[in-house]
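Below you'll find the structure, written out as structure tokens, and then a few comments.
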Amino acid sequence: MMQFHLRFRKLYAIIIGVVFFVAGMLKLLDPVGTGLIVEEYLKFFHLGFMIPAAKTLGVALSLLESLTGAALITRSYKKISAVSASALVLLFSVVSLVLWVANPPMDCGCFGEAIHLTHFQTLFKNIILLVLCFGAFLPFNHFKADKAHKLVSFWIMAATLVFMTFYSLRHIPIMDFTPYTLSARLYEAAKEDMDGEEEYVTTFVYEKNGQKGVFTIDNLPDSTWTYVSSKTMRKEDNLKETKFPVLSFTDAESNICDSVAIRKDVMIVSVYDPSKLDIKGWDKTAGILERASAAGFTQVLLTACTPDEFARLLPEGLDAERRATLLESTYYADYKELISLNRANGGATWFHNGNLIEKWSANNLPESNTLEKIIRSNSTSTMLKASTKGRLAFQALFLYSFAVMILI
């Protein structure tokens, strides 16, 4: 009977560990998004003075979550991981109860941008985890000694998590769960597709390599795409239901210039926090704009500030030609839109006829030969290649992680 009980304790601990590990990993893969989630919590609990440290707090908490999960799955440091998991679940349960009662317009962010839960769903999930904690860990003195090979497994995973965290802090997420994912079509482009159409429109859903796209009869994909379904609906309902991302921006005279983003080939460099770019950062930004223009792209710089603020933020020591490039290419957009468009402050995003093709971080901006090559390539193939690469990297990371924790 005791052996049967111990098996269930082990199973409960592994279930808790998997939830913690997956939740922590998803947030570590997108530290900027995690910082935004923590920022919302700090605002809700009136802790605004801590907002500058939101990303650091988010990354630290996510790392603790994933390490706790890894320890539970590998059955390493049993008492420490049991105390850590129990304390975190209790904390999350109290917070989710407060959110359920107050019902603020915010997402729990338990699994980053990947999975969205209501406040009640979050509370229910935490209550289940709390019950599992009672079954898995109480009493806290019934833990067997750690096995040496499982400790090795845990420390390999810990090193992987630390490396992945540093990588994520310097690059855009390998898997994008924002509305501006690869293949996303801008609202302005979708709206233009339907100009002149009847009140009702038939849309066709096609799929290729795991990516789905919505097309109209005049904008069907090539034969490499697989037909999935079709639907006839009002134009306005189709636009709302499909949830095309709206990238809205203005020029210095406050004229709406959304249509600029749906030209044939547009390279958008987004700076959601211009105050954090130094002279080297602005020089890199001007450089990618110049290279994009020379390769044949329409170059656009989107900043989350006013024209007067932008002029003041440009460093005095910046090269005159580079300064002119920045001023001539600049438009002004909302902070939240830009941070969703590209997680990197100074990152670049390529749109082709309103379709998002590829993204680059500020630390990995494309050189002239790359830009000249991709603008001549088939944009759909380029998008699918980039999307497949990211999806495979994401899947490989999780397969590797669980293989290390379970098989070693």
Residues of the stretch 86-107 classified as more than 25 Å from the chain's Cα centre (by Cα) and on the phi > 0 side of the Ramachandran plot, total = 0
Any idea which residue in the stretch 154-191 is surrounded by the fewest Cβ atoms within 10 Å (Cβ to Cβ), counting only those that are outside any helix (DSSP H, G or I) and among the aromatic types (Phe, Trp, Tyr)?
-> PHE177
Within the stretch 18-32, can you find the residues that are touching a helix residue (DSSP H, G or I) at 6+ places or on another chain (Cβ under 6 Å) and not in a helix (DSSP H, G or I)?
-> LEU29
Looking at this structure, is ASP107 farther than 23 Å from PHE166 by Cα, of a type in the set (Asp, Glu) and either in contact (Cβ under 8 Å) with a residue 24 or more places away in the chain or touching a helix residue (DSSP H, G or I) at 6+ places or on another chain (Cβ under 6 Å) (or both)?
-> yes
Any chance the stretch 8-28 includes a residue that's surrounded by 14 or more Cβ atoms within 10 Å (Cβ to Cβ), without any contact (Cβ under 8 Å) to a residue 12 or more places away in the chain and either within 22 Å of the chain's Cα centre (by Cα) or within 18 Å of LYS125 (Cβ to Cβ) (or both)?
-> no
Note: among ILE357, ILE406, ILE339, just one is in a helix (DSSP H, G or I), buried (at least 17 other Cβ atoms within 10 Å of the Cβ) and in contact (Cβ under 8 Å) with a residue 60 or more places away in the chain, namely ILE339
Name every residue in the stretch 286-321 that is more than 23 Å from GLY354 (Cβ to Cβ) and buried (at least 21 other Cβ atoms within 10 Å of the Cβ), in order of residue number.
-> ALA286
For the stretch 77-92, indicate whether the set of residues that are β-branched (Val, Ile, Thr) and surrounded by fewer than 20 Cβ atoms within 10 Å (Cβ to Cβ) is non-empty.
-> yes
Total residues in the stretch 116-140, condition in contact (Cβ under 8 Å) with a residue 40 or more places away in the chain and surrounded by fewer than 18 Cβ atoms within 10 Å (Cβ to Cβ) | 3
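How about the stretch 45-67: which of its residues are more than 14 Å from LEU28 (Cα to Cα) and either outside the structural domain of LYS27 (by TED's automatic domain parsing) or not in a loop (DSSP other than H, G, I, E, B) (or both)?
Selection gives GLY48, PHE49, MET50, ILE51, PRO52, ALA53.
The values are calculated or read from the model by the stated rules, or taken from the named source; none is laboratory data. Treat the numbers as computed from the prediction; the structure is a model and nothing was measured. No Cβ is skipped: glycine too gets one built from the backbone with ideal geometry, and neighbour counts run over all protein chains shown.
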